[in-house]
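S.K.: This is the structure I want to talk about, given as structure tokens.
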Amino acid sequence: VVRFLLSEQQVALYVESLIAALWKPENGGRFGGGGGSRPYKTLEQQRMLRADAEELVAEMLPYMATKFFYGLSEQERALAAQRILEPFENRQLNKHLVYTVLDAIVGKIAPELREPAEPRQSQPASG
């Protein structure tokens, strides 16, 4: 299964899909939204989106984990979902996460592009 997922044909399909998603023809081939073609969400839309995300995360939390760490009430599950989603609200951390994932993917697909690791200097033995 892994061999198929990392085959040349599949990787080409992944790259084509990524290019199509990032540089959409309907945006004139420009990166992302094409210079602000998507309208910004209102505060009410942002609140609704956040509430939906919290509800979905609360539904996905395993019963035993929530019972052990947070409790069983709906309010406690909602609090657990909020705590799980908090780290993803940091724009700089999200960028770093995306770059790290992309670096790992490119490193697997094309290992020759990876930068060589710095050799560690050995510590002199004390004694």
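S.K.: Got a number for residues in region 57-109 being open to solvent by 100 Å² or more (accessible area, probe 1.4 Å) and over 30 Å from residue 11 (Cβ atoms)? Break it down into steps so the answer makes sense when it comes.
M.R.: Narrowing region 57-109 to residues open to solvent by 100 Å² or more (accessible area, probe 1.4 Å): 59-60, 63-64, 67-69, 74-75, 83, 86, 88-89, 91-92, 95-96, 99, 108.
Filter once more, so that each one left must be over 30 Å from residue 11 (Cβ atoms): 59, 63-64, 67-69, 74-75, 83, 86, 89.
Result for region 57-109: 11.
S.K.: Give me the residue from region 1-37 that is modelled with pLDDT of 80 or more and of a type in the set (Phe, Trp, Tyr) and, out of that set, farthest from residue 110 (Cα to Cα).
M.R.: That would be 4.
The values are calculated or read from the model by the stated rules, or taken from the named source; none is laboratory data. Keep in mind the model is a prediction, meaning the values are calculated, not measured. Heads up, the Cβs are rebuilt from the backbone with ideal geometry, glycines too, and the neighbour counts pull from every protein chain shown. Side chains included, ligands, DNA and RNA excluded: accessible areas come from the protein's heavy atoms. Shrake-Rupley method; radii C 1.70, N 1.55, O 1.52, S 1.80 Å.
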